[in-house]
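The values are calculated or read from the model by the stated rules, or taken from the named source; none is laboratory data. Keep in mind it's a predicted model, so treat the numbers as computed, not measured. Please note: Cβ atoms are built from the backbone with ideal geometry, for glycine as well, and neighbour counts cover all protein chains shown.
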Amino acid sequence: MKGIAYYITAHGYGHGTRSCDVLNALRRADPNVPITVKTDLPIDFMKSRLPDSVKIRPGAFDLGLIQKDSIQVDLKASLIAIEKLYEHEAELIEQEIRFQTSENIGVVVADVPAMPLAAAQRAGIPNIACSNFGWNWIYSEFAEQEPRWQFFVDKFQAVYEKTDLLLRQPFAEPMRAFPNQIDLPLLAKPGTNQREEIAAATGADSTKVWVLLSFTTLNPDVQALEHLKQLQDRYELFTVEPLVWPNTGIHTLSRSQFAFADVLASSDLAVTKPGFGIVSECIANNKPIIYSDRQNFLEYPVLVKSIEQYCRYAFIPNAELYSGNLERALSEARFAEAPQKEMPRGGAELAAEQILKRIA
């Protein structure tokens, strides 16, 4: 039986979150089709979202951008790292051709590294991109100031132009490089409210307002953490591993104990950067979102527009976020007006249908 090879960039958890939505829909649609995921996202993160029948193997075929923390991008380090990675481009593509052919892969799906798609194209295997942006688009902004980025804009563009199909996710740029596109509605599904279980595990007061600080990394100083402590007479603050602030009274939850979607469903609102995964899950769970500035990422205004259309929200400048002064934004988000629009659901199921029908 031919299988599916699914490649996920390790740029951020949002790519993993949405890919897992599709992978779970694939498993529901066909419990027997072999599925192998290749990614450098943390194994515990992936296993917390996928059934054991989905194989997970390490592999990095793009870089995305290197983050100083969840808000700040290190462009210099990003360029150096992607140049080093692409020194091995030919070797990595040949490696994946061997893998895809030896494992009897019937379709390749990528979110959204180019090398696995290039391997499938050379091997004659149907290939699908599933994303809301291409790295050619993201990198094009940097090429205006640093011409070395243009090489990678062209690299990704050339592969995307040969890709059989794009499953274009919500909050998308035009993605004109892809000749064939199908638009998807929202992929994310609501989590389960486990407020009492979380309260029992952490000692949190379930009668207070629960705030999820949804960042992979964030580096507040000692004074900022003191400001966050001062909120705790009215709010319970939570992070999810790997973000841990010990001895602050802020509760840290493990993904192995509680699924992220359930943590969000149990919270009253989220504070975060605008990212695909958290915006999708706030929409799916009808949770207010407090979002901050995000520099050097073209996706930011697209996501902000979606937040303003589909979420209750408040904006918090970086200066307020990093100083721990959340109270104004928390109050504003809690009493924000209802969203202007409702986003259609069922994107993961539509994606799974399109992927399965293309297995050669």
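Here are some notes:
Condition check ((1) at pLDDT 95 or above; (2) in contact with a helix residue (DSSP H, G or I) (Cβ under 7 Å, 6 or more places away or on another chain)) across all residues:
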site	(1), (2)
187	yes, yes
196	yes, no
211	yes, yes
219	no, no
222	no, no
231	no, yes
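- Residue that is within 30 Å of residue 139 (Cβ to Cβ) and basic (Lys, Arg), where the choices are 155, 208, 189: 155
- So residue 25, is it small (Gly, Ala, Ser) and touching a strand residue (DSSP E or B) at 6+ places or on another chain (Cβ under 6 Å): no
- Screening residue 265 against (1) in contact with a helix residue (DSSP H, G or I) (Cβ under 7 Å, 6 or more places away or on another chain); (2) surrounded by fewer than 18 Cβ atoms within 10 Å (Cβ to Cβ); (3) of a type outside the set (S, T, N, Q) leaves a single unmet condition, (2).
- Matching residues, region 149-172, being outside any loop (DSSP other than H, G, I, E, B), in contact with a helix residue (DSSP H, G or I) (Cβ under 6 Å, 6 or more places away or on another chain) and touching a residue at least 40 places away in the same chain (Cβ under 8 Å): 149, 152, 156, 159, 167
- Meets criteria (assigned to a loop (DSSP other than H, G, I, E, B), touching a residue at least 60 places away in the same chain (Cβ under 8 Å) and of a type in the set (Val, Ile, Thr)) for residue 82: no
- Scope region 7-54; condition in a strand (DSSP E or B) and closer than 24 Å to residue 67 by Cα; matching residues: 7, 8, 37, 38, 39
- Meets criteria (under 23 Å from residue 68 (Cβ atoms) and assigned to a helix (DSSP H, G or I)) for residue 301: yes
- Tally of residues being charged (D, E, K, R) and touching a strand residue (DSSP E or B) at 6+ places or on another chain (Cβ under 6 Å) across region 50-107: 2
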